[in-house]
Structures are given as structure tokens and as C-alpha cells.
Amino acid sequence: MASTPDILSKLNVGSGMNNSEIITALVDAERIPKQERIDTDKINTENTISAYGVLKSDISGFRDIVRSIQSSDASGFIGSSSNTTVASFSTTGNTGTAAINSSLTIDTLAKTHTLVSGTYSNTGATVGAGSFTIDFGTWSTTSSSNDTFTANSNSSVTINTSSTTSLIQLRDAINNATDNAEAVVMNNGSGFIIVLKGLSGAENELRITPGAGSSSDLSNNFAYTTTTKNLTQTVDGEDASFTVDGISMTRSSNTITNLYNGYTLELESTTSSAISISSSQDMSTIEGLLSDFVDAYNSVYLGITDLTTVPLSSDSSAGPLSGDSLARTIQRELRSFTTKSVEGYEDGPYSLSLLGVSTNRDGSISLNPNTLRNTFESNPTIVDAIFKNQLTSDNSEVEVTAIGRDTNPGSYALTKSGSDYLLDGVTLTASGTSYSSSSGDTNGIVLKIPNTDISSANIYYGKSLMSLVDTSLTNFLSFKGDINNRLNNLNDRLSGFRDQQEALDERMNTLTDRFTSQFMAMEQSIAGLKETGNYLDQMLKQDSD
């Protein structure tokens, strides 16, 4: 049908025009601007998707390096031991700020008071109805006739049983009732026994007292008192005893965190010969890690700069993310890391610039080794604020046992008012030796204060710069993060171009058919006029003849 106008023209019965070219030109005049707009938008969208793929990969690589730096556990000082089979010495929590070089001998290791029941045929065997109370403290001797028991400050717990309570259920009841004792069921080769342990140390031993009215099954098998010891003691609770630089000391645990502030001493075995424990600054490692961070940061930051380039003249080209608000937001977030104040460290807050990291005119950063060295030697705590999270107390008798989801990093003063403890002005709720905060910046912090004579302490909760950077980058990369949301929108837009193309093709086909019909009608009209003209010519010729 579309060729009919041309056929008439070629038979010299029509207009003689090339109607196909005319129709194509008319349709192209309508199609080309719209097609160019679709093609341009599609190419720009594809380029934007590709650019975000590159950016996402770069950010992921940066995060990998940040996590590698975090896992290095870099510290201002590094602890070491001359014989790790005897004891290990390492930096933890609030890293020490002074060099240490001490001699150590270990006379005894801390032991956990251990009591063992008689043998049962299976784990489902019942233990008898009644109750027994577990107290925590110190036995004076191991004799059954003249020893005494002195309770410590840990609250006693009472375990209730019924006629159907099994060995396994008894184990679970003990473990659920207290953190100061542990129950385990094991097979000793002849049958099943329950093993009861307290915390390590001489002052954390167990006294088991059956309740009045308990069945003979329970009272005859679960008693360890001054007069009746039906449970068998297999290990006596004992403190670790050791000597540091000629000074005799004891601790209830073999893991000692309060000998030197910021260091953990782990006792492994006794020895009559002294070993050395020491610490030294680790400048080369810190400088290498900071250099890795600087290089990774610059790669991402300058990469975004290239992607978001705005053309300054007609001779320059725009980056694929030119004018993209999200890319600029990410770049601003990166730039904020270089000046961010890190809270929760003693004498802080601290920032990356204190370690010699400065910002260049193009937004990249550089490291000055001399500034790093001077700062490192004068205040290694700054290194911790950059590399290591911190959760500690400056009072060795106050232990931070937990933080909450809503706990904010910071330095908080613990004070006492009457019988109440306050943390950053918030009155703590007491439960035995545990004190918890339920509001304010300290919401969720739980402290263990074993001695009510303690009147003050400072609590430090710090999220290192590396941790903050990791969190920020992870938010950008998350499944529902800004980058993935932008990519999803762009892919939806790309799918829409197919619909636009189909709609344009359909419109152009309709327009071509309409023009073809119109031109065919024109050619037919012209053909009719020509036929009439020819008829008139013939009549005139006949009249002249």
C-alpha cells in the first residue's frame, strides 16, 4: 500500500514526485527529535548506572581496607611476653600510655571450686523434690568437721525442684538462676554426673544447703555444708599468686586486667624462673596503617571528583554523575571523616588531624610522618581513638559489663550520692553488684561495682574513627541503602525507555500509514485530473479536424 503513490507516479499517471522519500522525510521530522531524546536519556542512564557500579566497588574496597585496619588491633603500645607458655601480655581496652619492662614469676594459678554429684543412670533421671540454696564465699579448710564458710557479697540463689525434675532440668535451672555458678552434665564412664562450679578464686567457692522438707533423694545428694558434704569436691577454689618486680600479688582469675591500665596479663602456667613482660611503641605499624587509609580514601574521594566533573567550557566534558546529589553527599560524608571529633577517650575528643593527616586543596588527604611521630610519642591514646573501640573504666574495681543499643559514645563520670550511684547524672538501678542506666546518653550501660566503698570513677565508651567510617560506608552499601535505591530507580528508568521506544515506533508506523493514505489519495486525484485533461485534449483535436 505504501508504494502505490510511487507506482502511479512512475506510470506517469500521478504527480511524478518521489512520495516514499517525502513520506520518510515527514515522518523523520517527527521521529528524529524524539528518538534522539530517548537515545540520549538511555545512554546517560546507562552511563550513570555504570558510574554507580564503579563508585559502589570503590566504596566496598575502601571498607575492606578500613576493616583490615580495625582487625589489626593497632595500639599506641604493644605488650609482649618472653615466654607465652607461662604468660601472655597484651594491650586491651584503654591502651597503656607508658613503656613497661617487668619481671614475672607465677607460684599458683587460679582455680575454680568444683563439686561433683553421685552417678545417675541417664540424663532423664529425677533428682528429687525440694530445694537447695547456693551461697558464694570462702571455705576455711577442706575438713568436713571443723571448717567454716564466709559468704561474699554475691547474692545467694535458691533452686526449686519437683518429683519430676531431671538431671538436665536441674542443670538448666542452676544456669538460668545465676551467673556466679555453672552446672554441667557429663558421662564419667559409669553413668551421668552433674558438675557444679563457681567463679575462679578462693572467695568464690560454693556452699549447697538443702531446704527444709526436701526429699531424701535431693538432700542426700545435693548438700555441701559444714556438717554434710554429699557432693564431692574435686577442685579447691584458689587464687592466682604471682610476683611482679619482687612484689607479691594475688588475683581471683588467671586473666588479669587491672595490673597495668590498658594491658591484660594472662597466666598460663607456674614457673620458678622469672620471665619478662614488656611493652613498646609500634610506630612503623601505625604509620603503615595510616598510609593505607590515606591511599584508600584518596582513591574513592578523587574518583567521585572525576565522576561528578562539571564542564567549564565547551571543550570539556561532564562526568557521568555531574550534578548528582547523592554522589556529592557521599563525598561530603567522606570529607567529614578528616575533621570528625571522636568522643569517649580519656582527655579527648580527638581527630585524625592530630596524627598529621591534613586536607589538600583538591580534597585529597596526606600524612605528615613527623607530626605523627611527635604526637605518637607524646600521647598514644590518640592512636586508640583512630583505630580501636574502647569500653573501660579508670578505676580497676569498676567493670563495664554491657552497653545498650542507645548508649552514646562519650566519657562519663561515676559519682555516689548517699547509697545511690549516678553515671553522668543518671541514677543507676542496683541489682546485687550490677548497676544499670536506663536513660540519657548512658542508657544501657551496666557496671559491676563489687565494693560500695567505691565513690567515683570515669567510664569511657569510644567508637574509633575506623569504626565510624565502617558504619558510614556500610550504610551506603546496604541492601536498602542510598546507592542501591538509586540503582533500582535507574534500572526502572532504563526499563521505561523500552516502553517509550515501543510507543514511538507504534506512533511512527501509524503516522507513516496516514501519510501514505493521504499521498495515495493525492496521486489518485492527480491521476483523475490527468485523465480528464487527456479526454478534453482528444475532444479539442476532433473539433479542429
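The values are calculated or read from the model by the stated rules, or taken from the named source; none is laboratory data. Keep in mind that what you see is a predicted model, and the values were worked out from it rather than measured. Using ideal geometry, Cβ is built from the backbone for each residue, glycine included, and neighbour counts are taken over all protein chains shown.
Kindly check whether there is at least one residue in region 466-480 that is under 28 Å from Arg63 (Cα atoms), modelled with pLDDT under 85, within 37 Å of the chain's Cα centre (by Cα) and of a type outside the set (A, V, I, L, M).
Here is the first cut: in region 466-480, the residues under 28 Å from Arg63 (Cα atoms) are 466-480.
This time we only want the ones that are modelled with pLDDT under 85, so: 479-480.
Still in the list and also within 37 Å of the chain's Cα centre (by Cα): 479-480.
Then drop every residue that is not of a type outside the set (A, V, I, L, M), which leaves 479-480.
Checked region 466-480: at least one residue is under 28 Å from Arg63 (Cα atoms), modelled with pLDDT under 85, within 37 Å of the chain's Cα centre (by Cα) and of a type outside the set (A, V, I, L, M).
Select from region 469-515 the residues that are β-branched (Val, Ile, Thr) and within 30 Å of Arg335 (Cβ to Cβ) and list them in ascending order.
Residues of region 469-515 that are β-branched (Val, Ile, Thr), as a first pass: 469, 471, 474, 483, 510, 512.
Scanning region 469-515 gives Val469, Thr471, Thr474, Ile483.
Just for region 185-205: of the residues that are in a loop (DSSP other than H, G, I, E, B) and touching a residue at least 24 places away in the same chain (Cβ under 8 Å), which one is nearest to Val235 (Cα to Cα)? Don't jump to the end; show me each part of the working.
Taking region 185-205 and keeping what is in a loop (DSSP other than H, G, I, E, B), we get 188-191, 201.
Keeping just the survivors that are touching a residue at least 24 places away in the same chain (Cβ under 8 Å) gives 188, 190-191, 201.
Working: Asn188: 16, Ser190: 20, Gly191: 21, Gly201: 11 Å.
Only one residue fits best here, namely Gly201.
Tell me, please, whether a residue that is touching a Gly at 6+ places or on another chain (Cβ under 8 Å), under 16 Å from Tyr263 (Cα atoms) and β-branched (Val, Ile, Thr) can be found in region 73-91.
Yes, region 73-91 contains at least one residue that is touching a Gly at 6+ places or on another chain (Cβ under 8 Å), under 16 Å from Tyr263 (Cα atoms) and β-branched (Val, Ile, Thr).
Starting from region 439-468, keep only residues that are over 15 Å from Thr407 (Cβ atoms), then list their pairs with residues that are part of a loop (DSSP other than H, G, I, E, B) and aliphatic (A, V, I, L, M) whose Cβ atoms are within a distance under 7 Å, requiring at least 6 positions of separation or different chains.
Ile449/Val398; Ile454/Val398; Ala457/Val398
Hydrophobic (A, V, I, L, M, F, W, C) and touching a residue at least 24 places away in the same chain (Cβ under 8 Å): is that true of Leu259 in this structure?
no
Working carefully through the options Leu354, Leu321, Leu326, Leu414, find the one that is touching a Leu at 6+ places or on another chain (Cβ under 8 Å) and not in a loop (DSSP other than H, G, I, E, B).
On the way: Leu354 fails: touching a Leu at 6+ places or on another chain (Cβ under 8 Å); Leu321 fails: not in a loop (DSSP other than H, G, I, E, B); Leu326 fails: touching a Leu at 6+ places or on another chain (Cβ under 8 Å).
Leu414 is the lone residue from the list that is touching a Leu at 6+ places or on another chain (Cβ under 8 Å) and not in a loop (DSSP other than H, G, I, E, B).
How many residues are out of contact with any Phe, Trp or Tyr (no Cβ under 9 Å at 6 or more places or on another chain) and not hydrophobic (A, V, I, L, M, F, W, C) if we restrict to region 131-159?
Going through region 131-159 one residue at a time, the tally reaches 8.
Can you tell me which residue among Ile449, Ile459, Ile483, Ile445 is modelled with pLDDT under 90 and buried (at least 19 other Cβ atoms within 10 Å of the Cβ)? Explain how you work it out, then say what you get.
Working: Ile449 fails: modelled with pLDDT under 90; Ile459 fails: modelled with pLDDT under 90; Ile445 fails: modelled with pLDDT under 90.
Among Ile449, Ile459, Ile483, Ile445, only Ile483 is modelled with pLDDT under 90 and buried (at least 19 other Cβ atoms within 10 Å of the Cβ).
Would you mind finding the one in Thr142, Thr133, Thr119 that is at pLDDT below 95, over 40 Å from the mean Cα position of the chain (by Cα) and among the β-branched types (Val, Ile, Thr)? Before you say what the answer is, go through the steps one by one.
Values: Thr133 fails: at pLDDT below 95; Thr119 fails: at pLDDT below 95.
Checking each option against the conditions leaves just Thr142.
Go over the candidates Ile286, Ile275 one by one and state the one that is under 25 Å from the mean Cα position of the chain (by Cα) and of a type in the set (Val, Ile, Thr). So that I can check it myself, show each step before the final result.
Working: Ile275 fails: under 25 Å from the mean Cα position of the chain (by Cα).
The unique qualifying residue is Ile286.
Confirm whether Glu182 is in a helix (DSSP H, G or I) and within 40 Å of the chain's Cα centre (by Cα). Lay out the reasoning, then the answer.
Numbers: in a helix (DSSP H, G or I): no; within 40 Å of the chain's Cα centre (by Cα): yes.
No.
Within region 158-172, track down each residue that is within 26 Å of Ser252 (Cβ to Cβ) and not in a strand (DSSP E or B). Spell out how you get there, then give the answer.
First, the residues of region 158-172 that are within 26 Å of Ser252 (Cβ to Cβ): 158-159, 171.
Arg171, the sole residue that qualifies.
Which residue is nearest to Ser68 (Cα to Cα), if the candidates are limited to region 272-297 and must be among the polar types (S, T, N, Q) and buried (at least 17 other Cβ atoms within 10 Å of the Cβ)?
Here is the first cut: in region 272-297, the residues among the polar types (S, T, N, Q) are 272-273, 276, 278-281, 284-285, 291.
Remaining after also requiring buried (at least 17 other Cβ atoms within 10 Å of the Cβ): 279, 281.
On the way: Ser279: 23, Gln281: 20 Å.
Looking at residues that are among the polar types (S, T, N, Q) and buried (at least 17 other Cβ atoms within 10 Å of the Cβ), I get Gln281.
Looking at region 426-474, which of the residues that are touching a Phe, Trp or Tyr at 6+ places or on another chain (Cβ under 7 Å) and among the aromatic types (Phe, Trp, Tyr) is nearest to Asp135 (Cα to Cα)?
Step by step, filter region 426-474, then rank; the result is Tyr435.
From (1) at pLDDT 90 or above; (2) farther than 30 Å from Ala51 by Cβ; (3) acidic (Asp, Glu), pick out the condition that doesn't hold for Asp362.
Of everything listed in (1) at pLDDT 90 or above; (2) farther than 30 Å from Ala51 by Cβ; (3) acidic (Asp, Glu), Asp362 misses just condition (2).
So how many residues does region 206-254 have that are part of a strand (DSSP E or B), touching a residue at least 12 places away in the same chain (Cβ under 8 Å) and out of contact with any helix residue (DSSP H, G or I) (no Cβ under 6 Å at 6 or more places or on another chain)?
As a first pass, look at region 206-254 and keep what is part of a strand (DSSP E or B): 206-210, 224, 229, 232-235, 238, 240-244, 247-251.
Next cut, touching a residue at least 12 places away in the same chain (Cβ under 8 Å) only: 206-210, 224, 229, 232-235, 238, 240-244, 251.
When the remaining residues are screened for being out of contact with any helix residue (DSSP H, G or I) (no Cβ under 6 Å at 6 or more places or on another chain), the result is 206-209, 224, 229, 232-235, 240-244, 251.
Adding up the residues that qualify gives 16.
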